[in-house]
1. Is one or more of the residues making up region 163-172 of a type in the set (Asp, Glu), modelled with pLDDT of 95 or more and under 14 Å from Met110 (Cα atoms)?
2. Restrict the check to region 15-24 and report whether at least one residue is surrounded by fewer than 20 Cβ atoms within 10 Å (Cβ to Cβ) and either closer than 13 Å to Gln134 by Cβ or polar (S, T, N, Q) (or both).
3. Return the residues of region 275-287 that are under 25 Å from Ile195 (Cα atoms) and out of contact with any Phe, Trp or Tyr (no Cβ under 7 Å at 6 or more places or on another chain); say none if nothing qualifies.
4. Examine region 201-217 for a residue that is assigned to a helix (DSSP H, G or I) and crowded, with 22+ Cβ neighbours inside 10 Å, and state whether such a residue exists.
5. Does Gly118 satisfy the condition of being closer than 17 Å to Val223 by Cβ and either in the same structural domain as Asn286 (by TED's automatic domain parsing) or surrounded by 19 or more Cβ atoms within 10 Å (Cβ to Cβ) (or both)?
6. What's the number of the condition Leu138 fails, among (1) assigned to a helix (DSSP H, G or I); (2) of a type in the set (A, V, I, L, M, F, W, C); (3) out of contact with any Phe, Trp or Tyr (no Cβ under 8 Å at 6 or more places or on another chain)?
7. Would you please name the residue that is modelled with the highest pLDDT, looking only at residues in region 280-325 that are of a type in the set (Asp, Glu) and assigned to a helix (DSSP H, G or I)?
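The values are calculated or read from the model by the stated rules, or taken from the named source; none is laboratory data. Keep in mind that this is a model prediction, so the values were computed, not measured. All Cβ positions, even for glycine, are placed from backbone atoms using ideal geometry, and neighbour counts span all protein chains on display.
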Amino acid sequence: MTQNKKSLYDFTFAALAEHLDSTYYARIVFEQIYEKRISCISQISMKNKKERLNNFDLDLPEVHSIIHSEDGRTRKYILRLHDGKLIESVWMNYHGRYTVCVSTQVGCAMGCVFCATGHMGFKRHLSVGEIVSQIMLLEKIEKHKIRNIVFMGMGEPLHNFDATMDAIDIFTDFRALAIARRHITLSTVGVVPQIRKLIEHPLCVNLAVSLHGASDTKRNRLVPIGKRWDLDELMNVCREYTERKKKRIFFEWTVIREENDRSEDAHDLGKLLQGIRAHVNLIPLNPIKDYAGTPGEDSRIQSFRRILDSYQIPNTIRQKRGIDVAAGCGQLQTEKNV
């Protein structure tokens, strides 16, 4: 972003129409930057452009580096923002269907013990434009249309609620990227007040809640934010979400050997999720340097699944992607940030 100028990617259609005092000119701008992919203000064609767009830019983050996985299906992008801060985005190819994992913050304040981003601490929120520009940049480089977006990169999306929801507005707007809402997943560690705001918000995408423990004692060891909002509060708001939104919630369970992979853990989880429209994603722990835990064994994960099946809770094992380039769940970290 050019100093003293604001990114056009920061604006939802409604916000831009208000700023330009014209839905007509807002439509022209959206068509040119999102459909025609014009990437420079000087190339935009509209009446009184200098007067209307003089204080805007269409700058994209600088690519610091790209790291390719051995199988060629995952690429980790390390991006430099206008202030020098680094973030990471991940491009994944699922047999010709392309998914991008986007970041919403530099670092994270939640402090989950098995998450590399959490060990960075919180640096700052990303702007709407810094979230949207991750998609614009990766589509430009990869030359493929993105089908799915997952808010599972660096940061807690609901800690940066307004920017996250405005970015989703742009992603799903038919005048912008026109990505189906069912193809967007927002992941949260369980910030209860913000989930309540999400219930009232008109935009409805897939919600994933990081659980990892079925008792407060066990969860709080892994997810410190649980000390602020306990499982009773979290489950109550999740139940309300599924009832009001008429959608299931994906519950994320990072499987850690001898920590949360026992039969008793599976039974506790099955009981906890009774009465909630739920789908459990079991995620074998991905290694990071700041946490000594190890992933649960395959045999115990399969046993865990069978117990969840007995409670009639749909479940899957998350496919490992990009582990060799530290692009997997919980591995994103930019050590050079200050």
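1. Within region 163-172, none of the residues are of a type in the set (Asp, Glu), modelled with pLDDT of 95 or more and under 14 Å from Met110 (Cα atoms).
2. Checked against the condition, which is being surrounded by fewer than 20 Cβ atoms within 10 Å (Cβ to Cβ) and either closer than 13 Å to Gln134 by Cβ or polar (S, T, N, Q) (or both), region 15-24 yields at least one hit.
3. Scanning region 275-287 gives Gly275, Ile276, Arg277.
4. Looking through region 201-217, none of the residues is assigned to a helix (DSSP H, G or I) and crowded, with 22+ Cβ neighbours inside 10 Å.
5. Working: closer than 17 Å to Val223 by Cβ: yes; either in the same structural domain as Asn286 (by TED's automatic domain parsing) or surrounded by 19 or more Cβ atoms within 10 Å (Cβ to Cβ) (or both): yes.
Criteria met by Gly118.
6. Unmet condition: (3).
7. Among them, the one singled out is Asp309.
Okay, residues lined up against (1) hydrophobic (A, V, I, L, M, F, W, C); (2) buried (at least 17 other Cβ atoms within 10 Å of the Cβ); (3) outside the structural domain of Leu16 (by TED's automatic domain parsing); (4) without any contact (Cβ under 8 Å) to a residue 40 or more places away in the chain:
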{"position": "Lys143", "(1), (2), (3), (4)": "no, no, yes, yes"}
{"position": "Arg147", "(1), (2), (3), (4)": "no, no, yes, no"}
{"position": "Glu156", "(1), (2), (3), (4)": "no, yes, yes, no"}
{"position": "Ala176", "(1), (2), (3), (4)": "yes, yes, yes, no"}
{"position": "Arg182", "(1), (2), (3), (4)": "no, no, yes, yes"}
